[in-house]
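These notes are about the structure you will find just below.
The values are calculated or read from the model by the stated rules, or taken from the named source; none is laboratory data. None of these values were measured; they are calculated from a predicted model. Please note: Cβ atoms are built from the backbone with ideal geometry, for glycine as well, and neighbour counts cover all protein chains shown.
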Amino acid sequence: MNWINFPDDAFVVNGLAWWEETKPELVRFPDRMQGTVPEAVWTLSQSPSGGRIRFATDATELGIRLHYPSLAHMSNMPRVGQLGVDLWVNGEFWRPVYPNDENPDLEALFFQGLPAERREVCLHLGLYAPVAVQAIGVNQGASLEAPAPFAVPKPVVFYGTSITQGGCATHPGASYQALVGTALNLDFVNLGFSGAGKGETALAEAVAEIDACCYVMDFCQNNGTAENLQEVYAPFLQTIRRNRPATPIVCITTIFSTAEVFGGTTRHADMRTVIRNAVAERKQRGDENITLVEGYDLLGPDERIGLVDGSHPNDLGFSAMARGLEPVLRTVLSL
């Protein structure tokens, strides 16, 4: 194998908006934001959720070397989705590699013995674990070229909660953003933060700092109450609009949760009302580039088998969400 130390100009990194500031660290925020964003958000930003490494190659063998600072894993999410690196080739899922319990260093082959023909390679990084990519290996003599361009040059930026971060996809390329991105050939940035997607001003400013083709707002559940959400939701949109006056914004009300069928709470319904009202207010003020998407249209009561623990989607749920969001983004981006 010809092991190429990472990073290298042969490999394009997408999905990490501040990569030019953070490299070689595969993280979602630069150091200058530490102390500005909440501590929980900063900690979660060390996981490269949505980060991808892309290139084209005629390699007959492909491998990777990884180092994991921690091998802790979650109870409601497969190790592969949390820690793994997913190989997609020509827009199709091939396989992941992932570590075992004992060894924080992993050297693994994605494939070997294939014909020498050009393939578009996309490596989706783990959704819930910091990782260092040390090297990518190909057979001697293999070519490495730039990947094909996206349908639009700027990324879609998603901000939200654990659902946005990717909980609980079985493998990294199965989050709803990754599925939509693959289907529409879109770049995307994942700014989902598990339990910490609360819409603080610092996060709105961070989101607006990214020059995007579209911003998708997928937060509310972490705010606890509709009253808490009311305090931050419209101001969050205003911060984005002040910095990006014409960029489309898509606002998603919360998907179905089985908590809605027991406990006598109207929390989810009340939060949906807050989001609907905030979008309606912006439209009344002349904002023509804001779109409301009902979470029930993405994953509603009839699709509840698509939930792992009553609130987080599994692959069925994320597939449903991606199918529902695909025509919206196609229209918003004039694809």
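Consider the stretch 81-93. How many of its residues are free of Cβ contacts under 8 Å to residues at least 40 places away in the same chain and outside any strand (DSSP E or B)? Give the derivation first.
Of the stretch 81-93, the ones free of Cβ contacts under 8 Å to residues at least 40 places away in the same chain are 87, 89-90, 92.
Subsequent filtering for residues that are outside any strand (DSSP E or B) retains 90.
Of the residues in that region, 1 qualify.
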Worksheet item: How many residues are surrounded by 15 or more Cβ atoms within 10 Å (Cβ to Cβ) and closer than 15 Å to Y296 by Cβ when one looks only at the stretch 234-266?
Response: 8
Discussion item. Suppose we filter P78, P96 for residues that are surrounded by 15 or more Cβ atoms within 10 Å (Cβ to Cβ) and either farther than 26 Å from M1 by Cα or free of Cβ contacts under 8 Å to residues at least 40 places away in the same chain (or both); which single one remains?
Written reply: P78
Worksheet item: If you take the residues in the stretch 95-130 that are within 24 Å of V180 (Cα to Cα) and of a type in the set (A, V, I, L, M, F, W, C), which one is farthest from the chain's Cα centre (by Cα)?
Response: F110
Discussion item. List the residue pairs whose Cβ atoms are under 6 Å apart, where the first residue sits in the stretch 178-189 and is touching a residue at least 12 places away in the same chain (Cβ under 8 Å), the second is assigned to a helix (DSSP H, G or I) and not polar (S, T, N, Q), and the two are 6 or more positions apart or on different chains.
Written reply: L179/A322; V180/A322; V180/L325; V180/E326; A183/E326; F188/G181
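Farther than 28 Å from A208 by Cα, surrounded by 15 or more Cβ atoms within 10 Å (Cβ to Cβ) and assigned by TED's automatic domain parsing to the domain that holds A174: which single residue out of D309, D315, D287 fits that description? Spell out the reasoning first.
Working: D309 fails: surrounded by 15 or more Cβ atoms within 10 Å (Cβ to Cβ); D287 fails: farther than 28 Å from A208 by Cα.
The match here is D315.
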Discussion item. Residue under question is A212, and the condition is that it be under 24 Å from R330 (Cβ atoms) and under 23 Å from the mean Cα position of the chain (by Cα); does it hold?
Written reply: yes
